[in-house]
1. Within region 168-225, how many residues are surrounded by 17 or more Cβ atoms within 10 Å (Cβ to Cβ), charged (D, E, K, R) and either part of a loop (DSSP other than H, G, I, E, B) or modelled with pLDDT under 95 (or both)?
2. If Cys9 satisfies all but one of (1) assigned to a loop (DSSP other than H, G, I, E, B); (2) surrounded by fewer than 17 Cβ atoms within 10 Å (Cβ to Cβ), what's the number of the condition it fails?
3. Can you say whether Phe216 is aromatic (Phe, Trp, Tyr), out of contact with any Asp or Glu (no Cβ under 6 Å at 6 or more places or on another chain), in contact (Cβ under 8 Å) with a residue 24 or more places away in the chain and within 14 Å of Glu124 (Cβ to Cβ), as far as the supplied structure shows?
4. So which of Ile50, Ile61, Ile45 is under 24 Å from Ser134 (Cα atoms) and either aromatic (Phe, Trp, Tyr) or surrounded by 15 or more Cβ atoms within 10 Å (Cβ to Cβ) (or both)?
5. Please work out if Ile50 is touching a residue at least 12 places away in the same chain (Cβ under 8 Å) and touching a Ser or Thr at 6+ places or on another chain (Cβ under 7 Å).
6. Output yes when any residue across region 148-163 is part of a loop (DSSP other than H, G, I, E, B) and buried (at least 17 other Cβ atoms within 10 Å of the Cβ), and no when none is.
7. Being of a type outside the set (Val, Ile, Thr), in contact with a Pro (Cβ under 9 Å, 6 or more places away or on another chain) and assigned to a loop (DSSP other than H, G, I, E, B) narrows it down to one residue among Glu54, Glu85; which is it?
8. Among the residues in region 238-254, are any within 23 Å of Ile197 (Cβ to Cβ), modelled with pLDDT of 95 or more and surrounded by fewer than 16 Cβ atoms within 10 Å (Cβ to Cβ)?
Amino acid sequence: MKQISILGCGWLGLPLAKSLLEKGFSVKGSTTSLDKIPVLKDAGIEAFQIEVSEDKIKGEIDSFLATSEILIIDIPPKLRSVTSENFVKKIQNLIPCIEKSKIKKVVFISSTSVYADDNSIAAESTKPNPNSESGKQLLQAENLLQNNANFKTTVVRFGGLIGEERHPVHFLAGRKDIENPEAPINLIHQTDCIGIIKTIIEQNSFGETFNAVAPFHPTRKDYYIQKALELNLPLPEFDETKISVGKTILSNKLENTLGYKFKKMTL
């Protein structure tokens, strides 16, 4: 039985942990919330309350990493709030703990925000050129982890995350003057996020970078209006007076290298 540690058992990390348990893995999982510890324990996860900050780590990080061969890092940057953080320093703070543990393989959850919104088509061979602060810090974190010789890191760059109870149309419904109506969507369903991470682990595909976006790229305007109609929500209204900017993310490497087949194709 292999043991895996998942740093960040949130919207993605918790169902991923449950899926790995079903596959026979032993899973340690972390949360920053004391209230969530019983939720993790009830799922069969060995639970830890851990909070990684720029200058310290609260919680039993050594025990959390001990005896695990694989670490999954799923702690997104918090850069949109009033109390924004330096995500790169958080990763720098975490790396010495990984180095002194028995972890030899890391999966780092990143984002397609590392690619520029320049109306291009982006594959893994495309040089990242992030527009946002979040994208810039994620790219630096990717490099820190992948350049470390003590362990092998696979970076997974997910597009916009959606699930059965999480969809951006709920945020956009009824809004006016939404930008970039002609930009393509780059979304991925939670089911495929979990499937891709499990496939990477099962195939021992470490030291790689993968884009992870469903091969489905209608325009934002077409997609969100159709979704609003399907869900009987107020229609979003788009600003068509400005040139749309965006990008199309290709996930061909996932399909060609890992043989992964998307389960949620049309979203």
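The values are calculated or read from the model by the stated rules, or taken from the named source; none is laboratory data. As the structure is a computational prediction, the values presented were derived from the model and not from experiment. Cβ sites come from the backbone with ideal geometry, for glycine too, and all protein chains shown count toward neighbours.
1. 1
2. (2)
3. Working: aromatic (Phe, Trp, Tyr): yes; out of contact with any Asp or Glu (no Cβ under 6 Å at 6 or more places or on another chain): yes; in contact (Cβ under 8 Å) with a residue 24 or more places away in the chain: yes; within 14 Å of Glu124 (Cβ to Cβ): no.
The answer is no for Phe216.
4. Working: Ile61 fails: under 24 Å from Ser134 (Cα atoms); Ile45 fails: under 24 Å from Ser134 (Cα atoms).
After ruling out the rest, the residue left standing is Ile50.
5. Details: touching a residue at least 12 places away in the same chain (Cβ under 8 Å): yes; touching a Ser or Thr at 6+ places or on another chain (Cβ under 7 Å): yes.
The answer is yes for Ile50.
6. Start the filter on region 148-163 by keeping residues that are part of a loop (DSSP other than H, G, I, E, B), which leaves 148-151, 159.
Subsequent filtering for residues that are buried (at least 17 other Cβ atoms within 10 Å of the Cβ) retains 151, 159.
Within region 148-163, one or more residues are part of a loop (DSSP other than H, G, I, E, B) and buried (at least 17 other Cβ atoms within 10 Å of the Cβ).
7. Numbers: Glu54 fails: in contact with a Pro (Cβ under 9 Å, 6 or more places away or on another chain).
One residue alone meets the criteria, Glu85.
8. yes
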